[in-house]
1. Hey, what do the phi angles of region A:321-331 turn into as Karplus ³J(HN,Hα) couplings, whole Hz, using 6.51/-1.76/1.60 and θ = phi - 60°, x for Gly and Pro?
2. Treating the angle as unsigned and between 0 and 90°, give the value, to the nearest 10°, between the Cα long axis of helix A:341-350 and the longest Cα principal axis of chain A.
3. How long are the three semi-axes of the equivalent ellipsoid for region A:198-281, computed from the Cα gyration tensor as the root of 5 times each eigenvalue, in whole Å, largest first?
4. Can you tell me what percent of all Cα-Cα pairs in region B:137-197 are more than 15 Å apart?
5. So what J values fall out for region A:227-241 if you push phi through Karplus, 6.51 cos²θ - 1.76 cosθ + 1.60 with θ = phi - 60°, rounded to Hz, Gly and Pro as x?
6. Could you pull the accessible area for A:D14 with a 1.4 Å probe, rounded to 10 Å²?
7. Using only the alpha-carbon atoms, how far is helix A:305-315 inclined from the longest principal axis of chain A? Give it as 0 to 90 degrees, nearest 10.
8. What average count of beta carbons from other chains do you get within 10 Å of the Cβ of residues in A:227-238?
Amino acid sequence: MYTSIHIRNFRSLDDLTIDGLKRINLFVGKNNAGKTSLLEGIFLLGGATSPNVAMTIGYLRGQRFDASRPEPDPIWRPLFARLDTTKEIEIIARREEEAAERRLSITAPEVSLVEYATPPEEDVARAGEEGPVRELQFRYLDAFGDSITRRASVDPKTGAVSAQRAQRLDFVRSSFVSARSFSSLTRNMDQFGSLLRRKQDHQVLEALRLLDPSIKRLEVVPEAGGSTIYADMGLANLVPLLVCGEGVVRMFSIAVELTAASGGVLLIDEIDNGLHHSVMPNFWTQLRELSRLHDVQIFATTHNDELIRSALTAFGEGYEDLGLYRLDRRDGGVKAVRYSEEALRGVAEAGFEVRG
Amino acid sequence: MSAASEKHALKVEKTKLLIVEGEDERLLFSALLKHLALEDVQVLGVGGKSMIKRTVAALVLDPNFSSVKALAVVRDADFAEGAGQANNAAAPVAFRSVCDVLAANRLAVPPKHGVFAPGPPRTAVFILPDGESDGMLEDLCLTAFTSDPAHPCMDRYFTCLTAAGIAHASNRIAKARMHALLASRREPEPRLGMAAQKGHLDFSAPAFGPLVNLLRALG
């Protein structure tokens, strides 16, 4: 498990340190406080020797290449805090029982000034501007002190983005469930198929039954153009999972990813999406059980007060597995406020607002 | 779902905070602050003295806590654990206990009972009834009722109970005596906080002086 994370010059995070991480970590804060950026930073660290992960997090935010202009700059430049590509991105983390920190630094080594002159008739004259980010360098110092450098770059002739990958010995499996679960359902189907083969699908089914007890089983049905997951809800026909509602799809995504992320990290943006308040206490109990069973550390964001309070209730007095952190925008930067176990008890019992 | 989740979330809304033990105390101190025209103070009833530690830990993390200018904690001295009768050992222990909570949360620690430490935020601790004696809020209120016409009647009532061999709470006698006094009002109200809200307590009585001084310094 990660015990601390330090992120510098990444997205909206100039310099953020979070200590005392637990098995399940819940991040709250106002809009644009940097919660999703934090998850992305942890995800980048998980893929530290696979620079194509820098494209993946753009996709998770809904960014897409324009086919007529396959330029990665719109995805890569916003990785840098304040769009300043001269400042190195650093993501540093420590894991339990590891003496050395893991350290990822990302730079844009070949951003040049494109010189040109605006036509004289324009009111605002510019003599040049920074060129597009066409290469990212990932330098990773692993838990054993070894350094690995890999690049993602654009082929200047074809515009295609390619990324060098490398094996690493301290690999941590990392999965990201974005705020929009429907987009990841195709990937989840493959993972669910794998769980079926390993006879681990019952854990996913149990999680779904928290939301809808009428779901009796799940089935992968091969169809033209790919497989589809159906739910047996006791009706004459099976029902496509996609039409079972956002909460069910969301829970399916989380349960599948959690089971598949065994031994690693699961990042969930807006974990409460689609969840009715009545299922929240059971949701936490299930999540805690699965995360322990599969040894998965969870990092999740939320704006939902009921979800936070149901977590405090579900985790009881001990809170040894639960961390709550608020990201505050202060003095031009983002700072993390960590709730101690004592403070969590105060929040739970006195009913303090924690979301900022 | 906890009871806390069913009510509006608590948050820092004023720059002066008064932490008291429970809802009864919250009502009483709100009435006292109103009497003193000090309405810019937020009174937080924390649900018992054992909750002070965790409440302060959560309070200092509130997004608005940085705006707080002054914070006072008022709690009962009660009685020393295991002591069969009052021995005036509880007040210093209670004072140290609250000071430890303040220190653990990186707040200023007041030098002595009823005195503010410079902050920010300024902090003070008041141990009821008077910072020295064992006892509780009701002991202070009883003192304020000394000249009340019902006081001798209440005394005789408890003398009668003792003579009749009827057992009553030995270290909570102040609560029982206050109940008896409050039963004498035209609109009886056994709960101290509600009684204060109804105007049954004379806050101008000298017994409330040190507490009034603290609240004036807070507000």
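1. 9, 10, x, 10, 9, 10, 9, 10, 8, 9, 6
2. Computed tilt is about 60 degrees.
3. Values: eigenvalues 87, 57, 30 Å².
Listed largest to smallest, the semi-axes of region A:198-281 are 21, 17, 12 Å.
4. Here the tail beyond 15 Å accounts for 49 percent of pairs.
5. Karplus-based 3J(HN,Hα) across region A:227-241 equals 8, 10, 9, 10, 10, 8, 10, x, 8, 5, 10, 6, 10, x, 4 Hz.
6. 40 Å²
7. 60 degrees
8. Going residue by residue through A:227-238 and averaging, the value is 0.
The values are calculated or read from the model by the stated rules, or taken from the named source; none is laboratory data. None of the values given here were measured: they were computed from a predicted structure. Backbone-built Cβ (ideal geometry, glycine too); neighbour counts: all protein chains shown. Note: accessible area is taken over every heavy atom of the protein model, side chains too, but ligands, DNA and RNA are not part of it. Shrake-Rupley method; radii C 1.70, N 1.55, O 1.52, S 1.80 Å.
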